[in-house]
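*Asks:* My questions all concern the structure below.
Please treat every number below as a calculation from the coordinates, not as lab data. Since we're looking at a predicted model, the values are computed, not measured.
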Amino acid sequence: MLSNMVRGLVFLASAAALAGCVDRANGPMLSPVNPLDPPLNPPGIAHTMCVAEGNVMYGEARRQYEARAQMSRYAIDPANQEAQARAAARRQYVTCISSQGYRAIYDQ
């Protein structure tokens, strides 16, 4: 019983330590579009929701590229497939974050 509690405590401590290792330096800074009409969701929640939508769009764009390649009987170009999937995911993220009432600002 005590060993299970110690294992659980060690697991939680390691999870907390690894949570601090998440790199958020390359993420966008979200600024509200209209300060007089604040967005419904806080920036962290809006970012998480829109990243999830972008990830779904990434997978869907890859599947659509493969389907188009099969219909046209051309070989799949992995670089082109990746570029199109990334572009689709970015467009989806920007659209989603805009609909949440934020503007994504990237450091470049």
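*Asks:* Would you mind calculating the relative contact order of the chain from Cα pairs under 8 angstrom and at least 6 residues apart, reporting the percent as a whole number?
*Replies:* Across the chain, relative contact order equals 42 percent.
*Asks:* Which entry in (i) -0.84, -0.92, -1.03; (ii) -0.61, -0.72, -0.89; (iii) -0.76, -0.84, -0.96 matches log10 I(q)/I(0) by the Debye sum over Cα atoms at q = 0.14, 0.16, 0.19 Å⁻¹ derived from the coordinates of this structure?
*Replies:* Matching entry in (i) -0.84, -0.92, -1.03; (ii) -0.61, -0.72, -0.89; (iii) -0.76, -0.84, -0.96: (iii).
*Asks:* Still on this structure, I have one more. How much length would be gained if the chain were fully extended between N41 and N55, taking 0.36 nm per residue of separation minus their Cα-Cα distance, in nm to one decimal?
*Replies:* Gain on stretching N41 to N55: 3.1 nm.
*Asks:* Given the DSSP H assignment, sum -39500 (n - 2.57) over each helix run of at least 4 residues in the chain and divide by its residue total; what's the result at 222 nm in deg cm²/dmol, nearest 500?
*Replies:* Calculated mean residue ellipticity at 222 nm is -23000 deg cm²/dmol.
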